[in-house]
Amino acid sequence: MKIGYYPGCSLTGSSREYNESVVALAKALEIELVEIKDWNCCGATAAHVMNEELSLSLPARIMATAEEQGLTEVVVPCAACYNRLKMTQHELKDDDKRGRVTEILKMPYQGSLNIINVLQMLDVYGAENIKARVTSPFAHKVACYYGCLLVRPHSILQFDRVEDPQSMDSLIRVIGGSPMDWAFKTECCGAGFSVSRTDLVAKLSGNILKDAADRGAEAVVVACPMCQSNLDMRRGAINKTLVQPIDIPVIYITQAIGMALGIGATELGLKRHFVNVEL
Amino acid sequence: MMEKNHNISDLQLHTGVEVMRCYQCGKCSAGCVLASEMNFPPSYLMRLLQTGTRENLDKILNSNSIWLCLNCENCLGRCPMEIDIPKMMDYLRTQSVRENKLHPDSKPILAFHRSFLDSIKHTGRLYEVGLVAAFKFRTFRLAQDLAVAPVMYLKGKLHLFPEKFNDRKRMKRIFAQTIENAKKDNQ
């Protein structure tokens with residue numbers, strides 16, 4: 001199986017363990033990832049807060065490049081990039097906006113790409129196929145944390161249930177784990193305020209971790225680099241807001257599945273976390 | 001009355017949001033994770049908009065509420081009338097910058113966004129070291145993340161140099177035709 005790949009900036013820098021685990025897992029599942037040539041940043045929150053046309057042009061260049069390359073389906077592991085690309089595709093169904101953006105880009109744009117997240121890629125590949133390859137079952141009780149950008153706005157993304165999503169929970173069951181019911185599945189971690197308002201991120205992420213820990217989670221499982229870095233890299237700041245410090249690790253779904261498939265810790269980037277992963 | 005309607009119709013023209021559809025159920029404020037930090041929560045902001053007065057619009061543009069909105073979209077997900085508050089927030093923030101009505105809380109947030117965009121304008125992809133350096137320079141927060149950065153480096157999470165990106169000319173053009181163009185219109 002061959003599929004287009006847009007890693008995005010986080011996955012080449014501060015969240016490179018997400019990239020490493022996506023690549024290692026794809027290899028194990030015989031999925032060939034074809035990276036979009038000379039891709040640019042999607043603009044993230046900064047672009048759409050500051051200027052609408054910029055926020056549409058940056059993802060449009062990425063998608064126009066992928067189309068030029070002959071790709072039809074692109075997997076986007078970063079939830080923020082996934083959200084920006086899907087939202088842009090939606091906005092550019094408007095003829096005026098599409099006209100203006102293609103004029104800025106000076107590139108043709110069809111809007112025909114199928115943009116999917118990592119959970120959808122694994123779903124397309126098939127839960128049964130993954131199950132058949134499990135060598136060391138992931139026997140842990142975990143909290144699957146989806147965050148905002150994978151599931152909202154539902155009317156456009158059309159992915160999973162908006163209040164109580166299940167796709168990650170199902171994958172955890174497939175590899176032998178126990179996902180739990182908890183209250184913060186889709187609450188915001190503070191996202192892009194990590195640098196500008198670390199105090200607010202510590203408070204919001206602290207609420208999330210506390211609920212997971214109180215219910216006995218051994219780990220929090222995520223599919224977004226911003227969620228991961230806020231819950232993991234900001235743990236020092238988070239623990240200062242809590243009475244009892246929390247030491248449960250925050251891992252990517254691709255790392256959890258990789259572990260169950262017997263892929264090594266280094267290959268999955270498990271040694272790059274701030275909070276040690278001892279599962 | 002003319003002036004009153006003008007404030008709302010401008011917003012509706014740019015965002016498609018009909019503020020009159022809001023019937024003040026308060027679900028947006030109940031679900032907003034930062035409502036308690038805001039000068040006023042989203043449902044109150046909707047009510048201010050419904051009055052259509054310049055005075056109340058100014059109150060919004062001067063507030064920290066529009067800057068603390070994380071665009072997590074929880075309000076939109078739960079709104080029985082499907083009012084796109086996050087999209088409206090984007091518009092209100094742009095207006096607040098344009099009219100120079102920035103709340104002091106907006107400063108570090110705006111500084112971050114500007115540093116972020118500068119980085120991708122010059123290098124096509126986000127260069128995290130450059131981003132944080134520019135942010136510190138803009139905000140004089142020199143001590144920020146001094147404890148986290150060395151660990152990130154040791155864990156292999158920091159690039160010391162920007163990634164290679166070839167199509168820089170088009171990137172410059174995109175910025176010139178969008179955000180820089182808007183600035184010129186404003187002057």
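Every read-out reported here was derived from the displayed coordinates using simple, explicitly stated rules and does not represent laboratory data. Computed from a predicted model, the values in this text were never measured in an experiment. When we count neighbours, we look across all protein chains shown, and the Cβ atoms used for this are built from the backbone with ideal geometry, even at glycine.
Loop-located chymotrypsin sites (Phe, Trp or Tyr not before Pro) across the range B:71-145 with a Cβ neighbour count of 11 or fewer within 10 Å are B:140, with loop assigned by DSSP.
Relative contact order of chain A: 20 percent, from C-alpha pairs under 8 Å at least 6 residues apart in sequence. Rounded to the nearest 20 debye, the dipole size of the protein assembly as shown about its Cα centre is 1080 debye, using +1 on the Cβ of Lys and Arg and -1 on the Cβ of Asp and Glu.
Backbone geometry of the range A:71-88 corresponds, through the Karplus equation with coefficients 6.51, -1.76 and 1.60 at θ = phi - 60°, to 3J(HN,Hα) couplings of 7, 10, 9, 10, 9, 10, x, 6, 5, 5, 5, 4, 5, 5, 5, 5, 5, 5 Hz, x marking Gly and Pro. Left without a cysteine partner by the 4.7 Å Cβ rule in chain B: B:22, B:25, B:32, B:69, B:79. Extension gain, residue B:98 to residue B:164: 0.36 nm times the residue separation minus the Cα-Cα distance gives 20.4 nm.
Proximity of backbone amide H atoms, modeled 1.01 Å from N, is registered between residue A:252 and A:222 at under 5 Å, excluding neighbours fewer than 5 places apart on the same chain. Note on residue B:184 and residue A:97: their simple-model spin labels are 2.4 nm apart, each label 7 Å out from Cα toward Cβ. Under the combined filter of DSSP loop state and at most 13 neighbouring Cβ atoms within 10 Å, the range A:43-118 retains these trypsin sites (Lys or Arg not before Pro): A:93, A:106. Here the calculated FRET efficiency for residue B:55 and residue A:1, from their Cβ-Cβ distance with R0 = 51 Å, stands at 0.30, rounded to the nearest 0.05. Each Cα pair under 8 Å and six or more residues apart adds its separation to the average, and for the range A:162-279 the resulting relative contact order is 24 percent. On the basis of the beta-carbon distance and an R0 of 45 Å, residue A:276 and residue B:13 show a calculated FRET efficiency of 0.25.
Dipole size of the range B:106-186 about its Cα centre, with +1 on Lys/Arg Cβ and -1 on Asp/Glu Cβ: approximately 200 debye, rounded to the nearest 20.
With a threshold of 27 Å on the Cα-Cα distance, the over-threshold entries among A:37/B:184; B:136/B:157; A:86/B:107; A:240/B:107; B:101/B:183 are A:37/B:184; A:86/B:107.
A simple rule links phi to the HN-Hα coupling: the Karplus curve 6.51 cos²θ - 1.76 cosθ + 1.60 with θ = phi - 60°, which for the range A:180-187 gives 10, 7, 7, 9, 10, 3, 10, 6 Hz, with x for Gly and Pro.
For a paramagnetic label modelled on residue B:30 (point 7 Å from Cα along Cα→Cβ), amide N atoms under 17 Å away belong, within the range B:49-79, to B:74-79. Here the contact order of chain B, divided by its residue count and restricted to Cα pairs under 8 Å and six or more residues apart, works out to 17 percent. Label separation (residue B:140 vs residue A:133): 5.5 nm, computed from points 7 Å beyond Cα along the C-beta direction. Helical content alone sets the calculated 222 nm signal of chain A at -13500 deg cm²/dmol, taking -39,500 (n - 2.57) per DSSP H segment of four or more residues and averaging over every residue.
Got a sec? Which residues in the range A:134-155 would a label at residue A:161 touch, if it sits 7 Å along Cα→Cβ and we count backbone N under 20 Å? Under cut-off, by backbone N: A:142-155. One Cα centroid belongs to the range B:50-112, the other to the range A:1-69; the line between them spans 29 Å. Between residue A:178 and A:140, A:141, A:142, the built amide H atoms are under 5 Å apart, and every one of these is 5 or more places off in sequence or on another chain. Peptide B:119-126 has a mean of 6 when you count, residue by residue, the C-beta atoms of other protein chains within 10 Å of its C-beta.
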